[in-house]
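The values are calculated or read from the model by the stated rules, or taken from the named source; none is laboratory data. Here the structure is a predicted model, which is why all the values come from computation and not from measurement. We place every Cβ from the backbone using ideal geometry, glycine too, and count neighbours over all the protein chains shown.
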Amino acid sequence: MKQPGLQVQDAGVIQEMTGLREGVRAMRVPRGLLFHDPIRWRLFSAPAGLAPEKLRAFLRQNGLDDAAPEPARKPRLRQLFWVPMDQVPERGLRTRPGARFACVCCGKSCRTLQLGPVLPADVERLLELDWSGSGRDTGTFFVDEYDQPIDPRETTLPIFLRRTSTGCEFLQDDNLCNVHARFGMAAKPLMCRMFPHTFRATPTAVSVGMRLGECASAPATSLGLPVIEQHPELEQMLAEHDAIGLVPPSIWATPDRLISWEEYEAIETALFARSGDFVTAVFHAFNPGAQPGTGLERILERATLAGRQAQTLEPAALELEDRFCRGVVFGKDLFLHQDLAQAAALLVIKRELGRIEAADGTPAALNAVWKKAAERSLRAMCHDVDVRAVAAAIVAS
Ligand code: SF4
């Protein structure tokens with residue numbers, strides 16, 4: 001597909017496409033082309049096979065071509081788009097090198113985490129199973145988010161599994177899942193089979209993250225099987241999703257700094273290659289000119305943590321902390337929050353809060369603190385912390 005002033009490459013990611021307004025980038029997706037306008041925080045889908053003049057008219061109509069005036073910028077809390085699977089540009093999975101996971105059946109996530117929302121397909125599967133002789137009543141399987149009984153086939157509300165006083169109603173005394181024990185792994189809700197893995201569509205691959213901060217047995221589970229060897233199962237679970245979060249090809253690194261996905265990937269690769277103090281590496285990646293130490297100290301001061309003593313951690317705890325930081329950035333925060341700098345700031349804040357709150361420096365205490373931190377909402381996490389200022393300080397100081 002070529003026309004003067006508008007070149008579309010055949011590769012999955014469109015690196016150069018003249019004729020687009022500055023900042024606007026496009027990706028090829030099965031349904032056609034996905035244009036990302038980072039100023040208006042919108043995705044525009046152009047159907048597949050548009051003739052060049054029609055594509056030009058599409059761009060003009062939507063204010064995406066280089067003659068279009070730049071619209072007023074809109075502040076946005078997230079730069080992640082929820083897209084149907086046929087708008088995911090690349091299906092290949094990308095796993096963080098060295099990532100490992102194997103469930104140790106401690107049952108803690110089934111006791112402590114939110115049990116949903118489950119998908120309509122999960123509801124149908126659970127209702128259709130043969131529960132005769134189990135003493136279970138399918139009419140009580142599902143509740144709304146306030147634990148109120150609902151009819152899952154009638155409601156339009158998000159659907160959750162019912163919780164008893166000890167956790168999920170299907171959790172057995174031996175910490176095994178009764179759905180799994182009776183009908184096999186594939187019968188369980190997708191969220192149960194997925195945990196702690198997460199998927200994020202990116203312009204170059206589907207990134208596999210891990211919510212290790214929410215896994216109470218992370219020190220043991222993260223020594224399990226290499227995640228790369230679990231790709232067949234992960235691909236199967238990816239196929240069961242109706243939609244996943246998409247990180248667009250242009251990302252606001254700070255309120256006034258737009259970077260491409262390729263630039264972000266290079267930063268991420270360099271960060272993951274680092275050993276040692278990962279948070280400091282995050283800080284320096286987004287603040288290359290800073291003198292060692294000074295920027296971080298100022299950030300912590302602004303985060304109102306100055307004057308309080310952080311715990312000195314033992315080596316095993318430091319290693320665990322590093323792994324959790326990686327988990328948070330890779331699996332969650334970096335793609336879910338307002339921008340990369342803010343995520344880096346949060347990481348610094350979370351780590352310092354973790355150190356301060358840990359009763360001692362042992363891996364178990366740190367694990368508990370990280371779990372608590374991961375469960376807190378961003379708003380609660382940032383209570384009395386000016387995160388925007390912290391984020392700005394990271395990049396601009
Ligand atoms: S259905 Fe099974 S795996 Fe899922 S939360 Fe309940 S006990 Fe845990």
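Quick check: anything in the stretch 278-285 buried (at least 17 other Cβ atoms within 10 Å of the Cβ), of a type outside the set (Asp, Glu) and at pLDDT 85 or above? No: zero hits. Of everything listed in (1) assigned to a loop (DSSP other than H, G, I, E, B); (2) in contact (Cβ under 8 Å) with a residue 12 or more places away in the chain, the single unmet condition for Ser109 is (1). Of all the criteria given as (1) touching a helix residue (DSSP H, G or I) at 6+ places or on another chain (Cβ under 7 Å); (2) farther than 27 Å from Arg28 by Cβ; (3) crowded, with 18+ Cβ neighbours inside 10 Å, the one not satisfied by Met185 is (3).
Counting just the residues of the stretch 198-224 that are closer than 18 Å to Glu90 by Cα and of a type in the set (Gly, Ala, Ser), which one comes out nearest to the ligand (Cβ to nearest atom)? Please lay out each step first, then the result.
So the first thing to find is which residues in the stretch 198-224 are closer than 18 Å to Glu90 by Cα, and the list is 198-209.
Subsequent filtering for residues that are of a type in the set (Gly, Ala, Ser) retains 201, 205, 207, 209.
Details: Ala201: 25, Ala205: 28, Ser207: 24, Gly209: 20 Å.
Ranking the qualifying residues of the stretch 198-224, first place goes to Gly209.
Of note, Cys177 does not satisfy the criterion of being under 30 Å from Glu265 (Cα atoms), at pLDDT 90 or above and within 7 Å of the ligand (Cβ to nearest atom). The one condition from (1) among the β-branched types (Val, Ile, Thr); (2) exposed (fewer than 14 other Cβ atoms within 10 Å of the Cβ); (3) more than 12 Å from the ligand (Cβ to nearest atom) that Ile159 does not meet is (2). Annotation note: of Ala72, Ala102, the sole residue that is modelled with pLDDT under 90 and over 29 Å from Pro30 (Cα atoms) is Ala72. Residues in the stretch 110-121 that are out of contact with any Lys or Arg (no Cβ under 8 Å at 6 or more places or on another chain) and modelled with pLDDT of 90 or more were compared, and the one that is farthest from Leu234 (Cα to Cα) is Arg111.
When the stretch 81-108 is filtered for residues that are out of contact with any His (no Cβ under 8 Å at 6 or more places or on another chain) and β-branched (Val, Ile, Thr), the ones remaining, listed by number, are Val83, Val88, Val104. When Phe195 is tested against the conditions (1) near the ligand (Cβ under 9 Å from one of its atoms); (2) modelled with pLDDT of 95 or more; (3) in contact with a helix residue (DSSP H, G or I) (Cβ under 7 Å, 6 or more places away or on another chain), the lone failure is (2).
Checked against (1) farther than 29 Å from Val88 by Cα; (2) buried (at least 17 other Cβ atoms within 10 Å of the Cβ); (3) of a type in the set (D, E, K, R), Arg125 passes all but condition (1).
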